[in-house]
Amino acid sequence: MNNWQSQQQLKQQLSRIDGRGYKAYKDIAGKYRFDDFDLFIDYVQGDPFASPSRLRVRVSQQIAGYPTTLFNHNSRRIGLEAYIAAAFAQACQTAAGRNGSGKSGLIAIDRPGQELIERTAVHINTDFVEARFVVGLPARGRSVMGRAAAKMLCEDLPKLVNAALIYANGRPEVMRRFAETNEDADTLRQALQEQNLVAFVADDSILPRRSGIDNRPLKGDNVVQFSSPESLRVSFELPNRGRVSGMGIPAGVTLIVGGGFHGKSTLLNALERGIYNHRPGDGRDLVVSDPTAVKIRAEDGRSVVGVNISPFINNLPHGRNTQNFSSENASGSTSQAANIVEALELGSQLLLIDEDTAATNFMIRDQRMQALIAKDKEPITPFIDKVRQLYDEHGVSTILVIGGSGDYFEVADHVIALDSYHVHDVTSEAKEIAAQHGRPRTSEGGQSFGQITARIPTPKSLDPRKGRRDTNVKSRGVDGLQFGEEHIDLWSVSQLVDESQTRAIGAALVYALDNHFDGRRSLAEALDLTMQDIANKGLDVLDRRYVGDLAAFRPFELGAAVNRYRPLRLR
Ligand code: ADP
Ligand code: MG
């Protein structure tokens with residue numbers, strides 16, 4: 001297992017086990033020197049129907065030949081790695097010939113989507129480029145097809161490596177764009193704060209997507225490219241693209257208003273994804289937001305464990321405690337309050353809220369309702385009375401889509417309107433209207449926002465075991481995570497975009513449990529230490545088996561999984 005073998009030896013072994021039971025494949029685990037690369041067979045599946053085998057190839061830079069300028073900066077490297085993973089995925093489609101039982105003939109790599117997220121699928125450095133992928137070792141029924149496997153690994157794979165991992169065989173112009181687009185977006189996001197902005201949308205961006213399930217840019221004559229209103233136009237100097245201009249959304253409270261179907265949610269969705277970089281040509285490659293932006297929504301039915309929602313909710317019937325609020329089945333408004341407080345606990349500086357997915361009674365309480373239902377009969381302090389305190393006392397900005405309530409004009413710093421997908425700055429009109437109508441409602445927000453209380457998870461309550469298995473942790477699509485006996489529902493965590501992130505979050509929970517949750521550290525501290533380890537040592541710190549299907553995530557999404565884990569208990 002620790003010795004290098006040759007390509008020839010692999011071929012011989014495969015022909016030796018031809019026709020034998022599938023388990024005989026286990027013998028080929030090991031490392032092999034091919035003419036132009038090294039092959040690592042890290043894990044061999046036990047059955048043609050089981051999870052496929054895990055392999056890596058490593059090509060030295062003497063042979064691969066990537067110019068260091070394409071990866072000598074983290075941002076460039078992540079862009080280039082995404083390009084290589086996409087090229088490898090493409091080549092896999094040509095190489096894979098599915099015949100035989102189960103996953104026979106499969107060859108696949110974790111393919112990047114529109115967002116360019118750091119992944120374990122491809123690694124590049126000054127020594128080598130490495131791709132991690134899976135293979136379905138071919139079988140007829142449950143017996144080894146040795147010759148087919150030899151063709152796959154010893155003939156098709158070298159061709160694939162040659163096509164996808166060698167610089168000279170790639171598309172240098174596209175590679176450069178991946179590296180540069182990623183670097184520009186990172187630069188832009190880092191520059192927001194200097195200009196006191198929380199988000200930026202470049203002129204000419206394309207925000208709408210093809211459909212709810214197709215994240216690629218909408219195409220056709222009806223697409224309206226983004227154009228900033230003059231009053232909000234700012235510009236930045238980027239390392240590759242040079243000077244770009246667009247709409248800067250200043251820190252503070254910003255409303256997005258406009259008629260139904262005029263593009264409000266599309267703009268907010270773009271901002272929500274602005275925590276990620278995008279592939280060149282995505283249309284949102286120069287749309288960035290504060291890296292701590294969290295989309296907030298109502299999520300009735302979720303579990304809430306020990307969250308201090310008292311800034312928003314007080315005096316519940318039966319004297320239920322809201323400083324330490326738990327529910328197996330939170331309402332729309334309490335779930336939205338918990339989502340906000342949890343984001344604040346982890347240090348979010350920007351909240352994004354869309355009326356489409358908010359609880360009305362959490363957002364507003366108008367004059368007539370105040371007249372009918374006295375404040376002491378209403379446990380909810382609406383967001384409208386808290387949004388300014390959040391900014392003034394905690395520096396937390398909010399961008400809010402609200403086509404349905406003009407009461408918000410009063411508390412907003414900026415109001416932008418969408419009219420047939422064109423953006424206008426209507427701040428002064430909105431302020432004028434607010435002034436003309438006087439103060440229709442009474443503010444109910446009290447003296448200050450209130451306490452943001454840290455919570456300390458009890459490590460024992462986070463239990464990854466199931467039956468005889470020490471860790472039973474698995475992603476179930478992007479939106480679900482099996483953790484021990486429990487299913488964690490992440491459907492409402494909309495900034496999670498890729499199952500590889502969910503998988504990594506599962507691994508990170510186990511890692512945090514082993515290393516940082518100690519019953520004394522707060523959730524924020526333990527997650528912070530976990531994120532630091534990943535930043536210092538890479539995503540591989542989460543799984544020492546060189547897996548190729550993990551992708552980077554933020555503490556907010558990791559925290560979202562902890563917060564939705566029903567058996568969670570606190571000290
Ligand atoms: P709202 O939230 O204001 O009701 P949406 O953002 O949901 O509106 O947009 C309504 C429709 O218009 C969606 O189908 C969306 O894809 C499309 N759309 C949004 N922005 C644009 C644009 N700039 N160009 C063309 N179509 C767009
Ligand atoms: Mg909408």
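The values are calculated or read from the model by the stated rules, or taken from the named source; none is laboratory data. For clarity, every value in this text was computed on a predicted model and none was experimentally measured. Cβ: placed from backbone, ideal geometry, glycine included. Neighbour counts: every protein chain shown. With ligands, DNA and RNA removed, areas are computed over all heavy atoms of the protein, side chains included. Shrake-Rupley method; radii C 1.70, N 1.55, O 1.52, S 1.80 Å.
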Nearest-0.05 FRET efficiency for Thr126 and Arg243, computed from C-beta distance (R0 35 Å): 0.60
Suppose we keep just the DSSP beta bridges with both residues in the chain; what percent of those would be antiparallel, to 5? 75 percent
Show the residues, 5+ positions off or on another chain, whose built amide H is closer than 5 Å to the amide H of Arg566. none
Over the chain: helical MRE at 222 nm, DSSP H runs n ≥ 4 each giving -39500 (n - 2.57), nearest 500: -8500 deg cm²/dmol
Taking the full set of protein chains and a 1.4 angstrom probe, give the accessible area of His487 in square angstrom, rounded to the nearest 10. 100 Å²
Can you run phi through the Karplus equation (6.51, -1.76, 1.60; θ = phi - 60°) for the range 426-442 and list ³J(HN,Hα) in whole Hz, with x for Gly and Pro? 10, 4, 5, 4, 5, 5, 4, 4, 4, 5, 4, 8, x, 9, x, 10, 8
Spin-label model distance (nm) - Arg98 vs Ala191, 7 Å beyond Cα toward Cβ: 4.6 nm
Let me check I've understood the local charge: for Val287, count other residues with C-beta under 14 angstrom from its C-beta, Lys and Arg +1, Asp and Glu -1. What total comes out? -3
Residue separation between Asn536 and Arg469 times 0.36 nm, minus their alpha-carbon distance, gives in nm 21.1 nm
Write out the GluC sites (Glu not before Pro) in the range 153-214 meeting two conditions: DSSP loop, and at most 16 other Cβ atoms within 10 Å of their Cβ. none
Sort 318-330, 261-273, 413-425 for me by packing, meaning the mean count of neighbouring Cβ atoms within 10 Å per residue, highest on top. 261-273, 413-425, 318-330
So for the pair Asp366, Lys159, with labels modelled 7 Å out along Cα→Cβ, what separation do we get in nm? 6.8 nm
Label point distance in nm, Asp35-Trp4, each placed 7 Å from Cα along Cα→Cβ: 1.7 nm
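What does the accessible area per residue of the chain come to in Å², with a 1.4 Å probe and no ligands, DNA or RNA counted?
It amounts to 43 Å² per residue over the chain.
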State whether the range 293-436 is rounded, prolate or oblate according to the following rule on the C-alpha gyration tensor (a ≥ b ≥ c being the square roots of its eigenvalues): a/c under 1.5 gives rounded; otherwise a/b larger than b/c gives prolate, and the remaining case gives oblate. prolate
antiparallel share of DSSP beta bridges within the range 293-436, to nearest 5, in %, is 45 percent
Taking 0.36 nm per intervening residue step and subtracting the Cα-Cα distance, what contour gain separates Arg216 from Thr69 on full extension? 50.1 nm
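When only C-alpha pairs under 8 Å and at least 6 residues apart count, what is the relative contact order of the chain, in percent?
Once normalised by length, the contact order is 13 percent.
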Round to the nearest 0.05 the FRET efficiency obtained for Thr442 and Glu393 when R0 = 22 Å and r is the Cβ-Cβ distance. 0.60
For the range 164-286, what class follows from the C-alpha gyration tensor (a ≥ b ≥ c being the square roots of its eigenvalues): rounded when a/c is under 1.5, otherwise prolate if a/b is larger than b/c, else oblate? oblate
If one takes the longest principal axis of the Cα atoms in the chain, at what angle in degrees, from 0 to 90 and to the nearest 10, does the Cα axis of helix 172-191 lie? 30 degrees
Can you tell which of Ala121, Thr94, Ile84 lies farthest toward the positive end of the dipole of the range 78-147, using +1 and -1 charges on the Cβ of basic and acidic side chains (Lys, Arg; Asp, Glu)? Thr94
Per-pair calculated FRET efficiency, R0 = 56 Å: Glu230 and Glu328 via Cβ, rounded to 0.05: 0.65
When you count, for each residue, the other Cβ atoms within 10 Å and take the mean per peptide, how do 70-76, 395-401 rank with the highest first? 395-401, 70-76
Descending principal axes extents, the range 365-416, alpha-carbon based, whole Å: 31, 25, 14
